[in-house]
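What follows is a set of notes on a single structure, which appears directly below.
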Amino acid sequence: MKLVTYLENGTEKVGALTADGKAVRPLPFPDMVSAIEAGLDAVKAAEQGPAAALDTVTLLAPIPRPRQDVICLGMNYVDHAKEAAKFDGEAFAKDKPIAVYFSKRVPEAVPPEGAIDSHPGLVEKLDYEAELAVIIGPAAKGVPAEKAGEHVFGYTVLNDVSARTLQTAHKQWYFGKGLDGFTPMGPCILTADEVAFPPALAISCRVNGQERQRARTDMLITSIADTISELSAGMTLLPGTIIATGTPAGVGMGMNPPAFLKPGDVVECEIEKIGVLRNTVK
Ligand code: MG
């Protein structure tokens, strides 16, 4: 199933896309996190209302207001770790990598077709990062890697928008990645039963139609299973937790010369089977 959150006549609803992707049927849950808490079997069994054409509703981010910060992995594709090290003037560490975790503050996620805020006067070097985001289903605590897949509810596309100057200046990345309007997400949650675990899906990013990033989601340095296992050894991952798994090479800071985003740019992050997340910088 492809699940979405949307606005219809001013009311926020949760629904399932029809097979052709052109319409949505409402589901009897007040919000997406409630649906996730009910579980995939309950969502599948739930009665669906009459379909509304997608062009008559407004898609929101699948989880518009995450109840906790998004958990992110940094430097989780080899080629991106190399380009980031080069940008920072550091040598790329070749040892067995230890996962880089940070979090992203998201009072309100940016919807599909919504605006990425360029924060004029505050932000320089605005950059994009196409990422596969994992949505946790059943709460995970002390989960071994081989059982991690049982705790995944589904997947979505997330753009880990980053202000490189702030990210670097403050040593920790929280401010440079957690500004308002820095977390586009969507267009849907693809439920975990639709793909093998771990998912091996093409991921790409285009800026104004020009391809910048292309990789596969099975090229992660720290796998989804290892991430869930490692984190859940010490922290409970509640239903609806969002884990952004890192971005592949090709971000603006990695280009020669670097090419950052500016107002009017259109950023499209795409993952096979999930869809295209399109946003414009304002
Ligand atoms: Mg990132």
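The values are calculated or read from the model by the stated rules, or taken from the named source; none is laboratory data. This one's a predicted model, so the numbers in the text were calculated from it and none came from an experiment. Positions of Cβ are generated from backbone atoms using ideal geometry, with glycine treated the same way; all protein chains shown enter the neighbour counts.
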Say we look at the stretch 149-176 and pick out the residues that are among the hydrophobic types (A, V, I, L, M, F, W, C) and surrounded by fewer than 24 Cβ atoms within 10 Å (Cβ to Cβ); which of these is nearest to the ligand (Cβ to nearest atom)?
-> Trp173
Which of the following residues is touching a Pro at 6+ places or on another chain (Cβ under 7 Å), modelled with pLDDT under 95 and not assigned by TED's automatic domain parsing to the domain that holds Lys44: Ile203, Ile221, Ile189?
-> Ile221
Matching residues in the stretch 86-103 - criterion: being farther than 29 Å from Val266 by Cβ and out of contact with any strand residue (DSSP E or B) (no Cβ under 9 Å at 6 or more places or on another chain) | Gly89, Glu90, Ala91, Phe92, Ala93, Lys94, Asp95, Lys96, Pro97, Ile98
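Out of curiosity, is Pro248 buried (at least 17 other Cβ atoms within 10 Å of the Cβ), more than 16 Å from the ligand (Cβ to nearest atom) and either more than 15 Å from the chain's Cα centre (by Cα) or assigned by TED's automatic domain parsing to the domain that holds Val267 (or both)? First the steps, then the outcome.
Values: buried (at least 17 other Cβ atoms within 10 Å of the Cβ): yes; more than 16 Å from the ligand (Cβ to nearest atom): no; either more than 15 Å from the chain's Cα centre (by Cα) or assigned by TED's automatic domain parsing to the domain that holds Val267 (or both): yes.
Answer is no for this residue.
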Among the numbered criteria (1) touching a Cys at 6+ places or on another chain (Cβ under 7 Å); (2) within 16 Å of the ligand (Cβ to nearest atom), which single criterion is violated by Gly74?
-> (1)
Only residues that are within 16 Å of the ligand (Cβ to nearest atom) and out of contact with any strand residue (DSSP E or B) (no Cβ under 6 Å at 6 or more places or on another chain): list them for the stretch 104-125, please.
-> Arg105, Lys125
Please find, within the stretch 40-71, the residue that is nearest to the ligand (Cβ to nearest atom) out of those that are touching a Phe, Trp or Tyr at 6+ places or on another chain (Cβ under 7 Å) and within 23 Å of Val152 (Cβ to Cβ).
-> Ile71
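So is Leu179 within 16 Å of the ligand (Cβ to nearest atom) and modelled with pLDDT of 95 or more or not?
Numbers: within 16 Å of the ligand (Cβ to nearest atom): yes; modelled with pLDDT of 95 or more: yes.
Spelling it out, Leu179 is indeed within 16 Å of the ligand (Cβ to nearest atom) and modelled with pLDDT of 95 or more.
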